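The values are calculated or read from the model by the stated rules, or taken from the named source; none is laboratory data. Please read these numbers as outputs of a predicted model, since none were measured by experiment. Please note: Cβ atoms are built from the backbone with ideal geometry, for glycine as well, and neighbour counts cover all protein chains shown. Surface areas here come from the heavy atoms of the whole protein model, side chains and all, with no ligands, DNA or RNA. Shrake-Rupley method; radii C 1.70, N 1.55, O 1.52, S 1.80 Å.
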Amino acid sequence: MLSYQLFLLARIILCLLQSHQSLSLQSNTFLLPLSHTLSSTNSSLHHLLKSSSLRSSTRHGRRHGTHRRPPLSLPLSSGSDYTLSLSVGPSSSPTTVSLFMDTGSDLVWFPCSPFECILCEGKSNPNSNSTISPPPADSRLVSCASPACSAAHSSQPSSDLCAAAKCPLDAIETSSCSSHACPPLYYAYGDGSLLAHLRHGRLSLSSSKPNSLSVSNFTFACAHSTLAEPVGVAGFGRGPLSLPAQLSALSPSLSSRFSYCLVSHSFRTDQLLHPSPLILGRSPEVSSIGPTESAFVYTPLLHNPKHPYFYSVALEAISVGPTKILARPDLASIDHAGNGGMVVDSGTTFTMLPEETFSQVSTEFDRHMSSAGFSRAKETEAKTGLSPCYNFNSDRSSNRLVPSLAFHFKSNATVELPRRNYFMGFKSEGKRVGCLMLMNGGGGSDETDSGPAGTLGNFQQQGFEVVYDLEAGRVGFARRRCTALWDTLARG
């Protein structure tokens, strides 16, 4: 704990001395555009739905295994994640990279040459038209004795890390191994892995307005070898190496509060003409609310002792129409081993529920749909990985028959989802169909559960401003017209 506090203090002092910023600290906010990878794909809708459902299942299921170290949350396929652009290297010759924005991890990493990506054919890559550059010219390797090295290696003691870096014993005993580099980082996840070196260097963010943020001593990882992952990640999780945490010296609010508002798309590229706003230092006070919008409802963050970087909340119940279904108890609490809770995740597409809870929700949903006369579309279920699906005409009269759905979080925080966030109509083999956009995350009574019990995916977060208020220890949800919010903030 002491080394962690010293690390944070050292980062603040270094950033204050070495950072430049042109952000107006009167507003304490900074606007960034998020782009959806869907806007650059030519895949069919069936393929997008299938790959997104498989990826959501893999990402959630990966968290249920036993890991030697807390795993890094990584995107596993195209068509389901949001990217932001940043610049690294000296101000005279910066390199721009696009990274997946991920609230489920707390490290910033990107490919550096020489770079090898195994099994990356067919993977979506927003940097495909760019040449992968060597490590930024102004960057340097992090020392094995640095607290940053320990933080990246799951808080392993610097003595162990310096021993792995082949620092002599006498130097380890006298704490004089600063000239030895932090050992390479290895991360295993889902269906891939990566090797990277930790470095310090300049990182810059540019807003839609003529503002910029620049940190001269930012800690990031250069990946030289990956399996099935050609794109880096900007970790926004609750850790000292996350992007917001390292901006804290510029203004404490940049790390204590941020929000995003994901533009609703229903897997249609023509709905993604506007970026989704990512707001660093977001004030919890909103001056005006439109007729289709709502005030924030807040639910407290839960502490996870094993995965402290997760934004975990307590899901207590789910309403389908007038029926309120109590969630499985482990969705509302986290035990001493870090099991349970609902992770709010920007990098998982579909919400994942434990088998027992999903079964109750889907059964009640099916009861409503069947009584309304909609027949099951089994072929569509097989092709998309979603269930239940129905033969469904997306007209006004049919839409009225779809039951409402709401999540009930701790502290009376009820989030009523718009229909398009949980039931999507589309064409399949020339027929009009519709599917429930929640998924079975497994974890039946005959399985040994570990890790988070559920995941709140980004598809269900569309059309909401989701604020992560670390200062108050809470997550908030408010209905918003995200395109209008972007226009307002970009003008202001």
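Give me the one-decimal Kirkwood hydrodynamic radius in Å for the range 404-476, with the sum taken over alpha-carbon pairs. Walk me through the intermediate numbers first.
Working: mean 1/r = 0.0663 Å⁻¹.
Its Kirkwood hydrodynamic radius stands at 15.1 Å.
Using only the Cα atoms of the range 206-317, what semi-axes does the equivalent ellipsoid have when each is the square root of 5 times a gyration tensor eigenvalue? Give whole Å, largest first. Don't skip to the end; give the middle numbers.
Values: eigenvalues 132, 88, 76 Å².
Over the Cα atoms of the range 206-317, the ellipsoid semi-axes are 26, 21, 20 Å.
As a quick test, which of the pairs Lys50/Lys431; Lys50/Lys410; Lys383/Lys427 have an alpha carbon distance above 23 angstrom in this structure? All intermediate terms of the calculation are to be shown ahead of the outcome.
Numbers: Lys50/Lys431 18 Å; Lys50/Lys410 32 Å; Lys383/Lys427 12 Å.
Over 23 Å Cα-Cα: Lys50/Lys410.
Please report, in debye to the nearest 20, how large the charge dipole of the range 346-492 is about its Cα centre when each Lys and Arg carries +1 at its beta carbon and each Asp and Glu carries -1 there. Intermediate values should be presented prior to the final figure.
Working: 17 positive and 16 negative charges, 183 e Å.
Dipole size: approximately 880 debye.
Two-decimal Rg/Rh of the range 249-394 from alpha-carbon positions, Kirkwood Rh?
Values: Rg = 19.0 Å, Rh = 18.9 Å.
Computed over Cα atoms, the ratio is 1.01.
Amide H neighbours of Ser428 under 5 Å, at least 5 residues apart or on other chains, H built in the peptide plane: list them.
Placed amide hydrogens put Val433 under 5 Å from Ser428.
As a test of reading the structure, rank Arg481, Arg376, Arg396 by solvent-accessible area (1.4 Å probe, protein chains only), most first.
Working: Arg481 135, Arg376 85, Arg396 180 Å².
My answer, sorted largest first, is Arg396, Arg481, Arg376.
Does the range 290-332 come out rounded, prolate or oblate by the C-alpha gyration tensor, with a ≥ b ≥ c the root eigenvalues, rounded set by a/c under 1.5 and, if not, prolate when a/b is larger than b/c and oblate if not? Before the final figure, lay out the partial values.
Numbers: a/c = 3.95, a/b = 1.31, b/c = 3.00.
Oblate, since a/c reaches 1.5 and b/c is not below a/b.
Considering only Leu456, Gly473, Gly434, whose Cα is most displaced toward the positive end of the charge dipole of the range 420-492, charges sitting on Cβ of Lys, Arg (+1) and Asp, Glu (-1)?
Farthest along the dipole direction, towards plus: Gly434.
Compute, for the range 388-448, the length of the dipole vector about the Cα centre, with Cβ point charges of +1 (Lys, Arg) and -1 (Asp, Glu) only. Units Debye, rounded to 20. Before the final figure, lay out each step's value.
Values: 8 positive and 5 negative charges, 88 e Å.
Magnitude of the dipole: close to 420 debye.
Could you go through the range 268-276 in sequence order and give the Karplus-derived ³J(HN,Hα) for each residue, using 6.51 cos²θ - 1.76 cosθ + 1.60 with θ = phi - 60°, rounded to whole Hz, and x for Gly and Pro?
Rounded to whole hertz, the list is 10, 5, 6, 8, 10, 6, 9, x, 8.
Quick one: with all protein chains in place, what share of the accessible area of the range 298-407 is carbon or sulfur, to the nearest percent (1.4 Å probe)?
Numbers: 2230 of 4330 Å².
For the range 298-407, the apolar C and S fraction of the accessible surface comes to 52 percent.
Can you list residues whose amide H is under 5 Å from Glu316's amide H, if they're 5+ apart or on another chain and H is modeled 1.01 Å from N?
Sorted by chain and number, the residues that satisfy this are His408, Phe409, Lys410.
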